[in-house]
Structures are given as structure tokens and as C-alpha cells.
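Just below is one structure, and these are the notes that go with it.
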Amino acid sequence: AARTSDTLKLKPTMKLSLVLAALLLGNFASTQAFSPRPTSTSSPAPLAASSSTALHGIRSAVARARDSLLSRERTDEDLKSGIAFFYDRSSKLWEDVWGEHMHHGYYIPEDRTDHVQAQIDLIDEVLKWAGVGDDGKTPKKVVDVGCGIGGSSRHIVRKYEGATANGITLSPYQAQRGNELAKEQGLEDRASFQVADALNQPFPSNTFDLVWSLESGEHMPDKQKFVNELLRVAAPGGRIIIVTWCHRDLLPGEPCLSTKEEKILAKINRAYYLPKWCSVADYVSLLEKAGAENIKREDWSYIIAPFWKAVIKSSLNLKSLVGLLKSGFSTIRGAYAMLLMLKGFNAGVIKFGLITCTKKDE
Amino acid sequence: MRLLTHNFLRSNVKGTENGYPLNIEVTTINCEDSPLDKSFLLNLLPKVNYPALRTAVQQISQHCVPPLKEIPEQLDVSDKESNQNLDHETLKNLHRVLFDVYLIEGWLVCPDTGRKFPVKDGIPNMILHEDEI
């Protein structure tokens, strides 16, 4: 049963020091704010500076700053290159402080402090909740959609004998790091990582018996396309698991979230390169529309809630702060946005949702 | 990128009929030596598209030092029983081509449209351009 008193409050002094730290570092690193480097390797870099190019550069930098201040929604193009840029820049710091898993932890018991184990437990608990292996069959071919540096993939192939995993990410740095870690862990035969777009997966249809998306759905600008691709690459009878941040279900008759709620999300979206949010109910109807079967959903907001406090605490030491400074403005902004995530959870607008379903068997 | 990975990749550019299997253009290739894990290989074989694997081997073999040993011209890998009966030499060669050959730099080329996907540092970049979606 869900807990009723599940708000998470930061001590005022902790809050203040984090805001001050973020502002200080943000100011210091402000020169970094105006140069996101596109990391896509498929388009050649433009040749440098004539005076008109320089003027264009300044104009676009000002436009970006204005859009940031107004929390304007990002275009799909901006999102794609921005996501790659953000994760290229931020993944190393995250890994240094938190390790190879870039997702929430499973906080039962609520006050556990073994955060890395909590993250590993989350994967296991999700698989258990989704009923993977209940019928005696374990997955053999797994796709990890939005794989980060591959923590889930490597854990899953270790867990299930004979399983192989393909992970896709927009970030070349992450794919590289994923393959490196697989090699270090003796899993390079079992898990491999590529740079690819979840909305256009480079795999034939009907390939994977487990389609896994852990905290990547938030980045997908077209939820319908995302869901359709997940179903397409799933093998007949295969299982799809989506674990993602959503906004709360709308009440019957409610056309949209309140302005206040939208404002919190808009600010988070700028920082984390996220498109508009949807609800778990939206995912369920998209899956229904796409022909998925045995759809099941759950809200684990209260189980993962202690994670954000832990992340914020972890950023308040010298090593993390120095790392933050080195990683640049976008990472610093990402750190500041953690406060907003906490606010969103406390306000009941942000939910941590689980959805699973199967593809129709032939 | 190993041939095992290549076996599961296809071009999904808008309007592409099949996009599979991708042709391989080699710039740099590495060969390593890893021990054969027989049960893992036998588990995996039914999932492999064998004709695609064979074509890939033919495309890259000349770039490998030493050159890759031949794998059978035809093989019904979905037949688990006959897989069990494959001789050790064949299994070793299959293992080698699936796991031990790494394309470090090169291109994956769509058989329908000729679209080239780059492979850099062993990682294929399958992201489409705006006009290909």
C-alpha cells in the first residue's frame, strides 16, 4: 500500500547551500553556457569565423540564453543533439560519484544508505514485478533502449544465462564507456553498445524477447513513435518494460496540469533536455493503441523518493563540486535541477511509473 | 563492432525496403583471441541470421591477419540438434567470426540505398539525418 506521508523535505540550510553553490559555480562557468558542441558525427563541422559567422554565433547564444530563462520548450533537433551533448559532458562525473547505474534506487528499507546496491536492486525488483522468468523462460535477446553506460545491460546478461544485450544511446561517449566497462567485466561477448536513436531503432522487427527502457522514456519527444518502435523490435510473445518519470494522471475532465505544475516541469525540461511530459495513463493508452497485450502499470514514486535526497547529499562534497565545475554549465544546471525534481515529487506532480506489456504471440 | 552486433543491425532510413544486411567497408580491423564457450555459442546460434553472417565474413576476410577460416556455406542454425553435432573445428571458426573480429573504423552500407553509417572507435553510429526519418 502506498504511504500517505511521502514528502521529502530538505533542511533549509542544505537547500540554501546547494542553491548558493549552484549559483556560484554557474557564474564562474558561465562562459561554457553558450557553446553546446554538436556531437553527431554525420554532419561536418562548419568552417570557422567570418565576422558574419561571429555575429550569428552571438545572436544564437543570446537566443539560447533567452530561451533558457523563459524555460522555452526545446525543438526535437535541439533535444537530440542536446541530449548527446549533455550526457557526453555529464556521464563521467555521474560515474565517478555514483558508478555505472544511471537510474533511481529501490529504497526499501527507506533509510538504506547502500545507494549502488539500491540501484541494482531496482533492476531486479522491476524484473520481478514484470514477471520476467515466472514461466520458466528467461530472456535470451535483450535490447536496452537509452542504455546510459550500460549498467542495466551488463547486470541483465549476468543475471540470465545465455542472454545477450544490445544497448542504444544518442551519446557516443556513453556507447564507448559501455563497451569499455563490458570488456573490463568480461562481458564484451554478451553486451554491446551502439549510437542510435530510440525513435528509429536500427534493428529488424521481431528481434528481442526483452525490450528494456529504464528512465529513458522521459527523453523521447514522440511518445507514440517511441512505443511503436519498442513494440516493433519486440519478438512475438516478447516482453516490454518501461520505467519512466511521468506527470500525475489527469483527473477525469481535467484538460491539463495546473500552470504552477507546468512551470516546475518546464524548468526541469530545459536542464535535462526533456520534451513535454506525459502520464502513465497516456503510456497505457498508447500501448493499447499499438496492440500491446497484458498491460500492467504501477506507481513506485514513494519507493524511489529517498534517492534524490541522497543524490543531492552526494553532490555536497569537495570531490563532487570540483567534478561539477569541470563538467561545465549544463552539468551544473542539471545538478541544480535536482532541487526541482524534489519539488516536483513533493508537489505530487512527478511520478515514477512502471509499465509492462507483451507483444502478441504469432 | 563485432560481426555478432553487425548481424542485428539494419538501416531504417525512411523508404528503405529491407536495409539488411548492411555491407561492410573496412578501414581498420582488429582480431583478438578469445576462448570458445561452447554452450554459450550453441545458445546463441539459433538467433543468428546465418546467410548475413556468411556474407559479412566474405566481405572482411581479406583484411584479417591471419585470414579468417572458412565457415560452412550453408547452415540451418535454427536446428538446435544439428548445432550440437557440429564438429569442434567449425564451432571454433564460428566463434572466431562472431566474437573475435572487431571492425574499428569503417562503414556499414545499406544494400538498398547505399547510405553509409560510420563506424568509429568500434562503435557504429546509426543515427539518421533529419531528412531520412
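Candidates are the residues of the stretch A:120-131 that are under 22 Å from the mean Cα position of the chain (by Cα) and either open to solvent by 10 Å² or more (accessible area, probe 1.4 Å) or among the aromatic types (Phe, Trp, Tyr) (or both); the one that is farthest from A:LEU181 (Cα to Cα) is A:TRP129.
Out of the stretch A:219-237, which residues are out of contact with any Ser or Thr (no Cβ under 7 Å at 6 or more places or on another chain) and either open to solvent by 50 Å² or more (accessible area, probe 1.4 Å) or of a type outside the set (D, E, K, R) (or both)?
Across the stretch A:219-237, the qualifying residues are A:HIS219, A:MET220, A:PRO221, A:ASP222, A:GLN224, A:LYS225, A:PHE226, A:VAL227, A:ASN228, A:LEU231, A:ALA234, A:PRO236.
Here B:ASP131 qualifies as charged (D, E, K, R), out of contact with any Leu (no Cβ under 8 Å at 6 or more places or on another chain) and either surrounded by 19 or more Cβ atoms within 10 Å (Cβ to Cβ) or within 30 Å of A:ALA198 (Cβ to Cβ) (or both).
For the stretch B:1-33, filtering for residues that are at the interface with another protein chain (Cβ under 8 Å from one of its Cβ atoms) and open to solvent by 40 Å² or more (accessible area, probe 1.4 Å) leaves 1. Just one of the listed residues (A:VAL132, A:VAL145) is closer than 30 Å to A:PRO236 by Cβ and more than 14 Å from chain B (Cβ to nearest Cβ), namely A:VAL132. Taking the stretch A:155-168 as the range and being within 18 Å of A:ILE240 (Cα to Cα) and either open to solvent by 10 Å² or more (accessible area, probe 1.4 Å) or not in a loop (DSSP other than H, G, I, E, B) (or both) as the test, the residues that pass are A:HIS155, A:ILE156, A:VAL157, A:LYS159, A:TYR160, A:THR164, A:ALA165, A:ASN166, A:GLY167, A:ILE168. Given the structure, is A:ASP134 surrounded by fewer than 22 Cβ atoms within 10 Å (Cβ to Cβ) and assigned to a loop (DSSP other than H, G, I, E, B)? Spelling it out, A:ASP134 is indeed surrounded by fewer than 22 Cβ atoms within 10 Å (Cβ to Cβ) and assigned to a loop (DSSP other than H, G, I, E, B). Filtering the stretch A:274-289 to residues that are polar (S, T, N, Q) and open to solvent by 20 Å² or more (accessible area, probe 1.4 Å) leaves only A:SER285.
Could you go through the stretch B:55-72 and let me know if any residue there is of a type in the set (A, V, I, L, M, F, W, C), more than 13 Å from every other protein chain (Cβ to nearest Cβ), closer than 26 Å to A:ALA234 by Cα and in contact (Cβ under 8 Å) with a residue 60 or more places away in the chain. There is no residue in the stretch B:55-72 that is of a type in the set (A, V, I, L, M, F, W, C), more than 13 Å from every other protein chain (Cβ to nearest Cβ), closer than 26 Å to A:ALA234 by Cα and in contact (Cβ under 8 Å) with a residue 60 or more places away in the chain.
Go through the residues of the stretch A:236-255 one by one and say whether even a single one is of a type in the set (Gly, Ala, Ser) and within 14 Å of chain B (Cβ to nearest Cβ).
Quick first cut of the stretch A:236-255, residues of a type in the set (Gly, Ala, Ser) only: A:237-238, A:253.
With within 14 Å of chain B (Cβ to nearest Cβ) added as a condition, the list becomes A:238.
Yes, the stretch A:236-255 contains at least one residue that is of a type in the set (Gly, Ala, Ser) and within 14 Å of chain B (Cβ to nearest Cβ).
Residues in the stretch A:65-98 that are open to solvent by less than 60 Å² (accessible area, probe 1.4 Å), of a type outside the set (Phe, Trp, Tyr) and more than 14 Å from every other protein chain (Cβ to nearest Cβ): A:ALA65, A:ASP67, A:SER68, A:SER71, A:ARG74, A:ARG89, A:SER90, A:SER91, A:LEU93, A:GLU95, A:VAL97.
I want to confirm something. Restricting to the stretch A:203-223 and keeping residues that are touching a Lys or Arg at 6+ places or on another chain (Cβ under 6 Å) and not in a strand (DSSP E or B), which single residue is farthest from the other protein chains (Cβ to nearest Cβ)?
Within the stretch A:203-223, the match that is farthest from the other protein chains (Cβ to nearest Cβ) is A:SER205.
Filtered by the rule that a residue be of a type in the set (Ser, Thr, Tyr) and in contact with an Asp or Glu (Cβ under 6 Å, 6 or more places away or on another chain), the stretch A:146-163 gives A:SER152, A:SER153. Residues in the stretch B:40-77 that are closer than 15 Å to B:THR90 by Cα and either open to solvent by 80 Å² or more (accessible area, probe 1.4 Å) or acidic (Asp, Glu) (or both): 5 in all. The number of residues in the stretch B:98-133 that are more than 13 Å from every other protein chain (Cβ to nearest Cβ) and among the hydrophobic types (A, V, I, L, M, F, W, C) comes to 1.
The residues in the stretch A:152-197 that are facing chain B (nearest Cβ under 8 Å), more than 18 Å from B:LEU41 (Cα to Cα) and charged (D, E, K, R) can be counted, and the count is 1.
The values are calculated or read from the model by the stated rules, or taken from the named source; none is laboratory data. Note that the structure is a prediction, hence the values are computed from the model and not measured. Positions of Cβ are generated from backbone atoms using ideal geometry, with glycine treated the same way; all protein chains shown enter the neighbour counts. We work out accessible area using only protein heavy atoms, side chains counted, and drop any ligands, DNA or RNA first. Shrake-Rupley method; radii C 1.70, N 1.55, O 1.52, S 1.80 Å.
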